Each structure stands twice: as structure tokens, then as C-alpha cells.
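Colleague: Before I ask anything, here is the structure I am working with.
The values are calculated or read from the model by the stated rules, or taken from the named source; none is laboratory data. Keep in mind that this is a model prediction, so the values were computed, not measured. Cβ sites come from the backbone with ideal geometry, for glycine too, and all protein chains shown count toward neighbours.
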Amino acid sequence: MSEQKHIISIRMDTNDRTAIRAISQRLFVRESALYRLAVNHLLKHLDLLLEDDLDGSDLLPVLLTFREELCSQLNLKKLQLYRILNDRSPSDKHVSMADIELLLLPEQQIRKRLQHLGYPIASTLKINEGLESYFCKRYNLSTEKNLLTADFIVSKKV
């Protein structure tokens, strides 16, 4: 690939721009360096989506990691997530619509839904940890490594 750099434009609200400016000043770096750091960090965590041989339940770790952002920042809907997960997946990796909806529900509703399904989440346990446990059992995902860590992601690629 070419090492050519490209100029891009993004829209940000005033609070985010002010925060970027303040952080860059505190770190004694240019704002552009901080933007590049943020993009590189995001790409590192979303890299599962670049793997053509991963689909269906293989993608649950990245979607679980960014569960809150899926709704608030990307405004993904359940049909979009269904297509992302299942359009190319074989039947053994198919993720049910009910489980896709879990990714989009508010925390209290997730607790209730998992409890109804027989997977109660302790009040001290974080929602993503409870969902992780549920998805590991439901889709036979690795329980040796935490879904929310890069270790799991690396182990799924191999």
C-alpha cells in the first residue's frame, strides 16, 4: 500500500473538540497526532471486521466490546447487525435475532432478558461480562480467554 497521507474532514461537537484540544496541550502534542492515535486505537480494536474468514458468532467479541457505541455513535439497528453477522455466515455460526437485540438493549433490559433466559447477572457484575458469559455458553466461544481482551481476538484469528 502507498504511504501517501490523505486529508479528511470530520464533524465534532464543541465539547469533543475542546477535550481534544485540552488533552493535546497537556500531552504537548499536536491535535492531529491525537486524532491519529484515536483512529489507530479504534482500528486496532475493530480489526476483526477486516478478516474475511470471520463472520457470525466470530464477530461477537468486537460487537460486545463496542456495544454501547453501536447504539449511541453508529446508530446501528438490529437488521444492520443481523446482516453484518449473518449475511455470509454458515449455519453453525449464525447469531439469532434475539441475541442481536441483546447487544442493542439498555443495561436494565439486558439484565431482565438474560434472567428470563436463565442467565441471571449478579448486580455486582458488569453487563458486558454477563453478556460475555452468555455468548460463550450459547455459541461455544472460547472460555479460556476473556472475550473483551485482545488475547481472545488473536486466538480467534489463528
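Colleague: Can you pull out every residue in segment 51-110 that is in contact (Cβ under 8 Å) with a residue 60 or more places away in the chain and basic (Lys, Arg)?
Modeller: Across segment 51-110, the qualifying residue is only Arg67.
Colleague: Among the candidates Leu148, Leu141, Leu125, single out the residue that is modelled with pLDDT of 50 or more and farther than 22 Å from Pro90 by Cα.
Modeller: Working: Leu148 fails: modelled with pLDDT of 50 or more; Leu141 fails: farther than 22 Å from Pro90 by Cα.
Selected residue: Leu125, the only one of Leu148, Leu141, Leu125 that is modelled with pLDDT of 50 or more and farther than 22 Å from Pro90 by Cα.
Colleague: Might you let me know whether segment 58-77 holds any residue that is farther than 20 Å from Ser142 by Cβ, touching an Asp or Glu at 6+ places or on another chain (Cβ under 8 Å), assigned to a helix (DSSP H, G or I) and in the same structural domain as Asn140 (by TED's automatic domain parsing)? I'd like the intermediate steps shown before the answer.
Modeller: Residues of segment 58-77 that are farther than 20 Å from Ser142 by Cβ, as a first pass: 68-77.
Keeping just the survivors that are touching an Asp or Glu at 6+ places or on another chain (Cβ under 8 Å) gives none.
Within segment 58-77 (the criterion being farther than 20 Å from Ser142 by Cβ, touching an Asp or Glu at 6+ places or on another chain (Cβ under 8 Å), assigned to a helix (DSSP H, G or I) and in the same structural domain as Asn140 (by TED's automatic domain parsing)), the answer is no, since none of the residues qualifies.
Colleague: Test of understanding: among Leu76, Leu105, which residue is aliphatic (A, V, I, L, M) and either within 23 Å of Asp47 (Cα to Cα) or in contact with a Gly (Cβ under 8 Å, 6 or more places away or on another chain) (or both)?
Modeller: Details: Leu105 fails: either within 23 Å of Asp47 (Cα to Cα) or in contact with a Gly (Cβ under 8 Å, 6 or more places away or on another chain) (or both).
Within the list Leu76, Leu105, the selection yields Leu76.
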